[in-house]
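Coordinate-derived values only; no laboratory data. Owing to the predicted nature of the structure, the values given are computational and were not obtained by experimental measurement. Glycine gets a Cβ as well: all are built from the backbone with ideal geometry, and neighbour counts include every protein chain shown.
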Amino acid sequence: MAFAAAGDQRAARTRRRSLRETLQRIVQLATDLQADALLCGGDLYEQERFAADTGAFLRSAFEGIHPVRVFLAPGNHDWYGPRSLYHAVEWSSNVHVFRADRLEPVELEDGLTLWGAAHCAPANTAGFLESFSVDGAGVHVALFHGSERGWFTDEGANKTLHAPFDAAQIASAGLSHAFLGHYHHPRETALLTYPGNPNPLSYGEHGEGGVVVATVNGDGTIERQRMPVAVTEAHDLLLDLDGVLSEQDVRGRIADAVSGLRGIARVTLSGNLPPEVDLRPRELQSVDSGLDALQVVIGEVRVRYDFDAIRQETTVRGEFVRRVLDDADLSDDLRRRVLVTGLRALDGRADLEVE
């Protein structure tokens, strides 16, 4: 990922490195627990943005836990095709990549079958459970990258339905459980498990994402234990600016808010700000925080101009404020933006942007 919000290339590289270190923790955990298999439900990497050594890194990581079996079900970001790493890498014998856009079986052990499928395009993949039913006796579980419709809206406006399905289709297909990728937040029911991102990719990801250690019982029931493996901690903070008198006051409050934190932090500013304070979020990100990355954004910040007092002035400022306040075609928010921008311009200031 580009991690543009990290602020600079050094911080972005640190964030990308943390993703690899998290995978190393995952494979080590599989070894420590003497797991029978490691499952990945897609989006292992980004097809449009992987480094020259990504394939070699992944191959080495999975080969290093042989004979633990590794099952990879490509998702919409790492879809299987002739240019994908899944096709190009010469995987070790313990790695199985699902390569078809339909569920296909692999025997995990006698009486336990894993069904997996791959996205073979970046979008418009149909639901893998449509018209599907298991074949054979024993316990059947699935691994794929898909969107459970009941939780789709909870993931936010930036998510897209990929290989959509309804939870009820799992049991209808004869499956005891589905291990899934796609949603960044952890989700689980008796029939399905979304582990969530093992290492946070963005701010605001809630829940304890990580590794899910699952035991499949002989009757098809699942016992699960969540285990955190993240290298990066992500913090989302709201900072009140009431009472600040200068930019240095703002920088001090940011430093205090993130003191002692590790990883990455987004600080959203809110409150009332004196008009003379020159507030520039990009410059505030240079606060000495000790974090891998600090992002400062403007939230509900209001500049404390006394518009009623200014409109009484027999000045250019007063005439400007009178005309804007009397313009019935402006919404309240747009009127505020116009007033603040205009007054800053009349004061000769360069920070004209108003959030």
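Overview of results
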item	result
ASP53-ASP326 pseudo-label distance in nm [points 7 Å out on the Cα-to-Cβ vector]	6.9 nm
Positive-end residue of VAL303, GLN285, ASN197, charge dipole of the chain with Cβ unit charges	GLN285
Within the chain, helix-based [θ] at 222 nm, where runs of 4 or more DSSP H residues each add -39,500 (n - 2.57), nearest 500	-7000 deg cm²/dmol
Separation in nanometres of the label points that stand 7 Å from Cα toward Cβ, at ASP333 and ASP278	2.9 nm
Rounded to 5, percent antiparallel among DSSP beta bridges of the chain	25 percent
Peptide ranges 302-314, 55-67, 94-106, 169-181 listed from the most packed, as the mean C-beta count within 10 angstrom indicates	169-181, 94-106, 55-67, 302-314
Extension gain, GLU90 back to SER133 (0.36 nm per residue minus Cα-Cα distance, nm)	12.3 nm
Residues ASP219 and THR160, FRET efficiency given R0 of 45 Å [Cβ-Cβ distance, rounded to 0.05]	0.80
Angle in degrees between helix 54-63 and the longest Cα principal axis of the chain, rounded to the nearest 10	40 degrees
Alpha-carbon centroid distance for the pair region 38-102 / region 265-314, whole angstrom	45 Å
Highest average packing first - 76-84, 255-263, Cβ atoms within 10 Å	76-84, 255-263
Fraction of beta bridges assigned by DSSP in region 1-147 that are antiparallel (%, nearest 5)	30 percent
Among 270-282, 184-196, the order from most to least packed when residues are scored by Cβ within 10 Å on average	184-196, 270-282
Degrees, to the nearest 10: 316-325 long Cα axis against longest axis of the chain	50 degrees
Distance in nm between pseudo-label sites at ARG302 and GLN24 (7 Å out along the Cβ direction from Cα)	5.1 nm
Charge dipole magnitude, Cβ of K and R +1, D and E -1 - the chain, Cα centre, debye nearest 20	680 debye
Computed lengthening from ASP288 to ALA100, 0.36 nm per intervening residue step minus Cα-Cα distance	62.7 nm
